[in-house]
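Read through the structure below, which is laid out as structure tokens, and then see the notes.
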Amino acid sequence: MLTKPRKILLLIAALFYSLAGVLHFLKPAPYLKIMPPYLPWPLAMVYVSGAAEIAGGLGLLIPPVRRAAAWGLVALLIAVFPANVYMATNRVEAGAAALSPAVLYGRLLLQPLLIWWVLWCTKPAARAV
């Protein structure tokens, strides 16, 4: 059983990842810009990562697969980390406005927080002994 704060953060995470995944399909161009050039099939990778985000976000809402979905999102966050590093180190402008180096590197520090978030809000409550 999840506590109320965990349920709220779980719903926010589910919405966040599901919507982010949908954006990979609706607006793939910004994601393509941050793909490191050494990775093959950039458009396919954008779509696969978007589908994984949608699946993970929706999976967070299904109790029997919730924890597996969280670990899947952790794997995804680790897998996309090179794109975030590439974006920061090459000052890639993926959006409408240029981001400062502090924001670009701050995104890298955000990854562990995002990992903690999905694991924390899907952690089962401790059982009474």
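Since every read-out is calculated from the coordinates, none of them should be taken as a lab result. Just so it is clear, the structure is predicted and the values come from calculations on it, not from any experiment. Every residue, glycine as well, gets a Cβ built from its backbone with ideal geometry; the counts of neighbours run over all protein chains shown.
Rounding to the nearest 10 and keeping the result within 0 to 90°, find how far the Cα-based axis of helix 4-26 lies from the longest principal axis of the chain. On a 0 to 90 degree scale, this one is about 30.
When the convex hull of its Cα atoms is viewed from all sides, the chain shows a mean projected area of 8.7 nm². Here the relative contact order of the chain, from alpha carbon pairs under 8 Å that lie six or more residues apart, stands at 34 percent. Highest mobility in the GNM of the chain, judged by mean-square fluctuation with C-alpha springs under 10 Å and restricted to ALA14, ALA29, ALA70, is found for ALA29. Loop-located chymotrypsin sites (Phe, Trp or Tyr not before Pro) across the range 1-86 with a Cβ neighbour count of 12 or fewer within 10 Å are TYR38, with loop assigned by DSSP.
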